[in-house]
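For reference, the structure discussed in these notes is given below.
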Amino acid sequence: MQIQIPATALRGAFLLSLCHCAFPAHAQQSLPVIEVGPLSPAQPGSPAADVEDQTVVTPTRVEQPVSSSGASVSVIHAHDIQKRGSLAFNDVLRGVPGLDVFSTGGPGTQTSVFLRGSTPGQTLVLIDGIRIGDPASTDGSFDFGRLIPTDIERIEVLRGPQSALYGSDAMGGVINIITRRGKGAPQGWAMTEGGSYGTSSSHASISGADAHGAYALSISGLHAGGFPRYGYRQQRPIVIGDQTTPLPPLPADDPTNNVGVTGRIGYDFTEDARIEAGLAGYDSAIRYDNPCAFNSWSVFDPFNHQHATFMQGYARLGADMFDKRLRNRLTLYANRGNRDVWATDACFDMLTFLSQNCRFGFLGGRRGLEYQSDVALGVLGLATLGARVETETAQSSREAWIVDSFAPNFAEQTTWSGYAQHQFTFFDRLDISYGGRVDAVSHNRTFLTWRTMANFRIDEIGMRLRSSAATGAKTASLYQRFSQYGDPTLAPERVLGFDAGIDQSLFGGLATASVSVFANRYTNLVQFGKAESCTATQIFGCYFNVGRADTRGVEFSGEAGLVPGALLLRGSYTFLSARNLDFDSDSIYAGRTLLRRPRHKGMWSLIYTGLPGLELEARANVVGPAHDVDFIFNRRVMLAPYVRLDLFANYRLTDSLTLHGRIENLNNALYEEVYNYSTTARAFYGGVKYAW
């Protein structure tokens, strides 16, 4: 594979860091499933205690109440997803304890997730239990900016190392996006919305079920004229990649066009045998800005654009045996992503010594087969056994009329995995879970991971005590192993993590509070730079194992029914200390504090449902200062703290017709998530939903 490096006559193609601003990608830092039944979302304003009775599947790969799991898990329900996520996933995920979201300039752009201080590539992202990270990206991470919310049942965010059940990438945690299954009589809904920045979006869904079958299909579309990705609303002088020329006049817009589709269909042959199939996909086209260009007219040239597509499909067979004491599931799956990036001044001609415009292509694929069985052991609890084989591929290409050393590349690796877990309960109060996994990577290392959890329920006072200890691992990405900067022998990154928490129901269930403390120690992290392991041809550097990092913190979430059935207060807060234990003073990442990990952040909202059919929400997103990098001048900078206020309103006129509206950034806060990249000014949106 070939890295996305903007080559220029002044600096040359070796300027690896510039790829982060010339392309819609996040700044890399060498830091450190299943069949789910229908679930009724919590009603706005309901007592927070109801959440404890809901079912989750991600913590143990089997359905169980949240109250019996020792894991730190948050659930985002369909109601909140529809209310906040009509444009993108950014606002859907904000407010989850321990989770940071960063976007490089509005809807459709690179959107990265940091979970408990881990990097995006160290967080496993699933759709209906199938991993969707991009094998062709630098670190194998998933870009949430390309994914438009469709008909999602819920999102489960599992924090802490989870490789013992999910294998590579699950070092910081797991985000499982669960689409809706059909149920009941045929039904459907359609929603349309419009607003600021030339934005329009539409969503539609149909679903249903009978005695034997169920189906659900949804489609979503988004067009946004948007605001300039780079430099918009900035109050300081900004220069382009030559470090002297001021940023040229901003364009009127930077458009985004996204389409997404999901579908699930299932059939029960008998009470004990079933089949299910699902699909998910998107098509994303954006125009972006190239501040690393060395000609001012190239920064906002419409030639800078990206087109990405993704499609995933799976088929799952299920069979229950021995009076349902043995549950078997066999899943066959595959996904494929194609990304084309057109960039100005991105290729350097060694004959003319001039930079030229060119196109980079990245094609990533995944296919696999997984078997899981759950064995009911009576008083001895439940055992889960599983095995998986998965093959990942990545391919690069380029179109440019130049002479240089570029050569298209193809890389592939296969991972064989086996895992086991045992759960049991003592005295109807103490839930214990322990398990482990082995992953063998082709022509690389075999690694073992483990996890144990405990959960103690004191129902008389509404208290739950939980704790976990686990290890996690991440296989080096295909790019890190097989690119011109790679090393095929790179060892897996490792992490050892601990957490403990307490969940308390208060005032007869009118309120709940949850507090977790955690600590993670990362070792063997993959870094880029000059090292003894670099070959003679890797004159600009290579990837190698050396890094160490430490993340620790406190997470809080809670709800309180201030006026039962009318006024609900909801909030979350995270304190995070993320330290680089092996910092290099000559590196752009020098410093003890890891980039884009604010020490303090929180979200607080007040929800009113006192009138029939009406819901109002005022939400405040509070983020403390964070370290970042200015890639133009190759230096560390500090992002200022900010408070952003949003308002949401929903009014059900009839059983079928609902009106909704929102104001984003009501206080018109000037803030940045990524240095010099743009965020919204005060913006207004409104729409209508019709259900039948």
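A quick yes/no check of all residues on (1) part of a loop (DSSP other than H, G, I, E, B); (2) surrounded by 24 or more Cβ atoms within 10 Å (Cβ to Cβ); (3) acidic (Asp, Glu); (4) at pLDDT 95 or above:
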{"site": "Gly105", "(1), (2), (3), (4)": "yes, yes, no, no"}
{"site": "Thr109", "(1), (2), (3), (4)": "yes, yes, no, no"}
{"site": "Ser112", "(1), (2), (3), (4)": "no, yes, no, no"}
{"site": "Leu124", "(1), (2), (3), (4)": "no, yes, no, yes"}
{"site": "Gly133", "(1), (2), (3), (4)": "yes, yes, no, no"}
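Once segment 360-414 is narrowed to residues that are of a type in the set (Lys, Arg) and buried (at least 17 other Cβ atoms within 10 Å of the Cβ), the residue that is nearest to Leu165 (Cα to Cα) is Arg388.
From the residues in segment 378-414 that are among the aliphatic types (A, V, I, L, M) and part of a strand (DSSP E or B), which one is nearest to the chain's Cα centre (by Cα)? Ranking the qualifying residues of segment 378-414, first place goes to Ala394.
Every residue, every condition in (1) closer than 30 Å to Trp401 by Cα; (2) assigned to a strand (DSSP E or B); (3) of a type in the set (S, T, N, Q), yes or no:
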| site | (1), (2), (3) |
| --- | --- |
| Pro251 | yes, no, no |
| Tyr267 | no, yes, no |
| Ala280 | no, yes, no |
| Ala293 | yes, no, no |
| Met311 | no, yes, no |
| Arg316 | no, yes, no |
| Asp323 | no, no, no |
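Matching residues to (1) over 24 Å from Arg336 (Cβ atoms); (2) aliphatic (A, V, I, L, M):
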{"residue": "Thr138", "(1), (2)": "no, no"}
{"residue": "Thr150", "(1), (2)": "no, no"}
{"residue": "Pro161", "(1), (2)": "yes, no"}
{"residue": "Tyr166", "(1), (2)": "no, no"}
{"residue": "Met171", "(1), (2)": "yes, yes"}
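Within segment 596-640, the residues that satisfy the criterion of being at pLDDT 95 or above, surrounded by 15 or more Cβ atoms within 10 Å (Cβ to Cβ) and over 23 Å from the mean Cα position of the chain (by Cα) are Leu606, Ile607, Tyr608, Thr609, Glu615, Leu616, Glu617, Ala618.
Look at Asn328 and say whether it is closer than 30 Å to Thr393 by Cα, part of a loop (DSSP other than H, G, I, E, B) and not small (Gly, Ala, Ser). Walk me through it before giving the result.
Working: closer than 30 Å to Thr393 by Cα: yes; part of a loop (DSSP other than H, G, I, E, B): no; not small (Gly, Ala, Ser): yes.
For Asn328, the condition - closer than 30 Å to Thr393 by Cα, part of a loop (DSSP other than H, G, I, E, B) and not small (Gly, Ala, Ser) - is not met.
Does segment 249-262 contain at least one residue that is touching an Asp or Glu at 6+ places or on another chain (Cβ under 7 Å) and surrounded by fewer than 16 Cβ atoms within 10 Å (Cβ to Cβ)? No: zero hits.
As for segment 263-274, it holds no residue that is hydroxyl-bearing (Ser, Thr, Tyr), within 30 Å of Asn676 (Cα to Cα) and surrounded by fewer than 22 Cβ atoms within 10 Å (Cβ to Cβ). Give me the pairs: first residue in segment 640-651 and farther than 14 Å from Asn621 by Cα, second residue part of a strand (DSSP E or B) and of a type in the set (Asp, Glu), beta-carbon distance under 8 Å, and six or more apart or on different chains, which are they? Hits for this filter: Ala649/Glu615; Ala649/Glu617; Asn650/Glu615; Tyr651/Glu615.
Among the residues of segment 486-515, those identified as assigned to a loop (DSSP other than H, G, I, E, B) and surrounded by fewer than 19 Cβ atoms within 10 Å (Cβ to Cβ) are Pro488, Thr489, Ala491, Leu510. Residues in segment 530-560 that are in contact with a Pro (Cβ under 6 Å, 6 or more places away or on another chain) and of a type in the set (Ser, Thr, Tyr): Ser557 alone.
Taking the residues in segment 30-82 that are of a type in the set (Asp, Glu) and part of a loop (DSSP other than H, G, I, E, B) as candidates, determine which candidate is modelled with the highest pLDDT.
Only one residue tops the list, namely Glu63.
Could you list, in sequence order, all residues of segment 222-248 that are assigned to a strand (DSSP E or B) and either more than 22 Å from Pro302 (Cα to Cα) or over 25 Å from the mean Cα position of the chain (by Cα) (or both)? Across segment 222-248, the qualifying residues are Val239, Pro246.
The values are calculated or read from the model by the stated rules, or taken from the named source; none is laboratory data. Just so it is clear, the structure is predicted and the values come from calculations on it, not from any experiment. Cβ coordinates were reconstructed from backbone atoms using ideal geometry, including for glycine residues, and neighbour counts include every protein chain displayed.
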